[in-house]
């Protein structure tokens, strides 16, 4: 059923093919003939066949290799004025006639036939059409910038949510196998000298009061006392430990007529 929000007619779909301008010649597939080698078949409407940005998988690799040479694919519309269902059938006819590279039947980079289930399912390693291929430096840069932008904008898992939020990992325990993998991944890893220097600078000037063994209690009347267990001292004298610790960070600040200093 046609959406009430979409004013475009139902029968405005078409089937199209991308031709490689680097490979001229006579390419005949049943009743279809091209003067350049086809590498992708699709269906769409409106501007879809001219949209070269929103592409992925193998067809993206071919488009990138053309772009690096300052070239664009030859876009050829073969059928038009059909419903979406009929355009899928026409797309399938073209793909079957020309053949997919994935199946070793032809030059097409399509991974599925007419919008059907991708034959890439379950195909990894040497079975993958990308096995052994390397990204160009330009592609690597695009991937890097995209990943950085995604990381920067992803935000916290509970950002924007109201009320008390429970982490989805609360109560979950790693399996022994996962623990072994995590341990193995960290083995042999060392910080670079640059990282060590950054860590050192970050730690300088920070308080290590929780690890200090002795403190000097300074009273406002000038009396002093050396203690080895701050928590025990606070418990015995009904003192809030964190409030007393705060005197370390403020000059001439006393809590209950006393302040502490590290020894």
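Annotations
- Qualifying residue in region 74-85 (condition: touching a strand residue (DSSP E or B) at 6+ places or on another chain (Cβ under 9 Å), buried (at least 18 other Cβ atoms within 10 Å of the Cβ) and free of Cβ contacts under 8 Å to residues at least 60 places away in the same chain): no
- Criterion violated by residue 90 - all others in (1) closer than 30 Å to residue 134 by Cβ; (2) surrounded by 16 or more Cβ atoms within 10 Å (Cβ to Cβ) satisfied: (1)
- Taking the criterion of being under 23 Å from the mean Cα position of the chain (by Cα) and at pLDDT 75 or above, the only residue of region 107-133 that qualifies is 111.
- Condition check for residue 27: closer than 22 Å to residue 135 by Cβ and touching a helix residue (DSSP H, G or I) at 6+ places or on another chain (Cβ under 9 Å): no
- Residues in region 226-263 that are at positive phi and surrounded by 11 or more Cβ atoms within 10 Å (Cβ to Cβ): 256 alone.
The values are calculated or read from the model by the stated rules, or taken from the named source; none is laboratory data. Everything quoted here is computed from the prediction, not taken from an experiment. Glycine gets a Cβ as well: all are built from the backbone with ideal geometry, and neighbour counts include every protein chain shown.
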